Amino acid sequence: MRPLHKGFPIGESLAIAVSGTSEIILLDPMAKLIWEALYQGFTAEEIANLLSDGTNISAVDALLDVSGIIGEWQRSKLLVEPKASTTQILKVGQRIIALENQCSDVEELIANAVNHLEVSTEHKTHCLFQLLDKGETIDLIKNGKCLYSAPYADAIAQRLIYEIVEEGYRHLDFITVLHAAALKWKGHCFVMPAKGGSGKTTLAAALMHQGAEYLADDVVPLLSKEGDICPLRTSLCLKEHSWKLLQPSFPFIANSPVLMRDGNPVRFLPPSSGISDEGEKLTTQLIIFPNYKTTNQPKLQPLNSVDTLKKLISNSTWFGESVTNNRLEELVIWCNSADAYEMSFDNLENGIYLLNGLLDKKNQHT
């Protein structure tokens, strides 16, 4: 048994709120020590030994006192049975993440977002996330430090997905992180940088259904002036307007959990293919800036290097703490060498048609 929450120190005492009532209990120093030790996972015997080591109380008497206090707290429903946890080992980019989860509600909400990233438990982990169900709240802990606490599973699920993505790229020595989708199709690796609402993610999902290999969405770390990127195959985050468009291709979307992201309802779509090469560098020399509007005339417009750089900058490239001359120089070199296009389209079929034609033409010239 363990406390529902850790309480609030006041002087040498500890204030405890009795869940579901207006009652407050003030624990004396000895009861405070017992409560805090239980909260940390100590057994009654271990707590009794702690007490007897620091006082003249025998271990037997200390255990009687501790057991009596714990029994009283149990009858007052101040303690709960620790919840069983599940453990997953995830690979995100080049990082191996352990996730220990006591909250089944969160587990259901994040399943489509992370389950495809699961790898064998033989991998050495770089970091540990824990979800601790405290009854009134759920704590999200990373490497022993509490990052976030909330009473609702959906809030914790959103933050956990964010933290997992962050862990996948923050350690990388990147030039910039593109707000883009990345795919490989017909022998070509390409990125689609765009602002929200451009149709980027919906088009990426439609291309995936056509057989394109999904590499990343929203977060694409650019690692070199040659166009090397690191795949981060976290699930595609689909906004509400995409659900109906994609349901014929992915019928299960209709039954997927809904989360809120930046005030918008979203569902997560996992990649169709495996992730055996997750974290390996891939090189792209093709940049497609998608521009979806129902009034658009479908067309591909080649871009010069200046316009390419302007569009990259305006589409939320992120340079870390600050942009350096070295990073900017390498980004400019990539813009000078890559083929870039603005792709205007009015529906998914025309977007796929334009891109298919471009890649076929490239293959004819190689």
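The values are calculated or read from the model by the stated rules, or taken from the named source; none is laboratory data. As the structure is a prediction and not an experimental result, all values here were calculated from the model. Quick reminder, even Gly has a Cβ in these numbers, built from the backbone with ideal geometry, and neighbours come from all protein chains shown. SASA here: full protein model, heavy atoms, side chains in, ligands and nucleic acids out. Shrake-Rupley method; radii C 1.70, N 1.55, O 1.52, S 1.80 Å.
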For a test of the definition: using alpha carbon positions, the gyration tensor, and the 1.5 limit on a/c, classify segment 275-365 as rounded, prolate or oblate. prolate
Considering only protein heavy atoms, what is the solvent-accessible area of GLU213 at a probe of 1.4 Å, reported in Å² to the nearest 10? 50 Å²
Among 291-304, 93-106, how do they line up from the highest to the lowest mean number of other beta-carbon atoms within 10 Å? 93-106, 291-304
To the nearest 10 degrees, the tilt of helix 305-314 (Cα long axis) against the first principal axis of the alpha carbons of the chain is 30 degrees
On the accessible surface of segment 42-85, probed at 1.4 Å, how many percent belong to carbon and sulfur atoms? 53 percent
Can you give me the solvent accessible area of LYS134 with a 1.4 Å probe, rounded to the nearest 10 Å²? 20 Å²
May I ask you to evaluate 6.51 cos²θ - 1.76 cosθ + 1.60, the Karplus curve with θ = phi - 60°, for each residue of segment 245-251 and list the ³J(HN,Hα) values in order in whole Hz, giving x for glycine and proline? 4, 9, 4, x, 7, 10, x
Most mobile of GLY144, GLY11, GLY135 in a GNM of the chain (Cα contacts under 10 Å): GLY11
Heavy atoms of the protein only, probe of 1.4 Å, neighbouring chains included. What is the accessible area of VAL323 in Å², nearest 10? 80 Å²
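Kindly report the accessible area of segment 118-174 per residue (heavy atoms of protein chains, probe 1.4 Å, no ligands, DNA or RNA), in Å².
Value returned for segment 118-174: 53 Å² of accessible area per residue.
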Need one number: the % of Cα-Cα pairs in segment 155-254 sitting beyond the 19 Å mark. 46 percent
0 to 90° range, to nearest 10: angle between helix 104-114 axis and the chain longest Cα axis: 20 degrees
Enter the Cα centre distance for the pair segment 50-92 and segment 208-268, rounded to the nearest angstrom. 45 Å
Taking the Cα atoms only, what angle lies between the long axis of helix 200-209 and the longest principal axis of the chain, rounded to 10 degrees? 80 degrees
